[in-house]
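Have a look at the structure below, then the notes.
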Amino acid sequence: MARATVTDEIRAGVLAARRGPALWRLLPLAFYLLAFAIVRGDLVQGNVADLSLHLYFAAMVMYVGGMFLYFAYFAYRREALRWLAIAVVGPGALLHLGAIVARGFADGHYPLANMYEYSSMLALVAVTVFLLMTVRWPVASLGGGLALFVVVALMGIGFGLYQSPEPLVPALQSYWLKIHVTSMMASSGILVSSFVFAALYLVKDRSRSVKSWLNGSAIAARLPSLETLDRLTFRAILFGFPIWTFGTMAGAIWGEHAWGRWWGWDPKETWAAITWIVYAIYLHSHSLRSWRGRRTALIATAGFVSIMVTLYAVNLWIVGLHSYARGAG
């Protein structure tokens, strides 16, 4: 029964796209051609590292195209625009996956050893989680904001931290790297999605409670209901928090293997624990009906800030055991 429902929805989406203006239907093709132009030279000649970087740029182009289409869907609510956005972002995610796989071949090891690689994987997880959520919940109207965040904050910063492929330092030559860092990356991508929902909850809530330019604004009116945004924030955190917990525990095991101790109050370890505490407070607060809403959205936002400090500020500006080569972990 569920399969038939999904099939009917896909068929309806395709028919809606066909009824849309011809110019709209040509937009995905234009981005496909632009992405192909970026990687064409590497498909004929060039090394794997160049191919990986150009696939990264091609994915950014596709995400930018999807961002504009999602914003157009937010403004006009034409079903054709939603399906065209998926038709651009979906292949963009595949190109992004190709960039990560090619980077792994260029590195000669699992491609999660520095901040460029971590940011790239984090962006891909965030995009994939959002695409999966659009199947179950009415969140497509939020795609433009998420795509903007992915392109500017994650992929833009990631490229600013670009490092050429290089061998792993001894501390990273462990299978616990794959377990620990993959868990932290996956949970971070899911929790980043929860921040988008929490931030929009605060925007919509402010539009109802305070006299401002948001009062009666079409932007706030077109956002999902407060109940929907709160539910999406909670479910994303409920899914990502156990993975973060497991990743933190795996990091302690890795620390014992690499440095001979389970816990040493290293800045990265400390901030990972702070992040865990913030999201634990969120889950407890959300269980109290009187705290649900604006308060829990603010706690979820604080959790996102803590994640950014854990992933970026500690690695880039604070000296510790995790600061080698701007490494992830």
Please list 184-196, 155-167 highest first by mean number of surrounding beta-carbon atoms within 10 Å per residue. 184-196, 155-167
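Sort the following peptides by mean Cβ neighbour count (other Cβ atoms within 10 Å, averaged over residues), highest first: 279-289, 138-148, 120-130. Can you show the working numbers first?
Details: 279-289: 15.5, 138-148: 20.9, 120-130: 24.2.
Taking the mean over residues of other Cβ atoms within 10 Å, the ranking is 120-130, 138-148, 279-289.
What does the charge count near residue 102 come to, summing +1 for each Lys or Arg and -1 for each Asp or Glu among other residues with Cβ under 10 Å from its Cβ?
Taking every other residue near residue 102 into account, the sum is -2.
Just so you know, all these numbers are worked out from the coordinates, no wet-lab data involved. Please read all numbers here as calculations on a predicted model, not as lab measurements. Because the Cβ atoms are built from the backbone with ideal geometry, glycine has one as well, and the counts that use them run over all protein chains shown.
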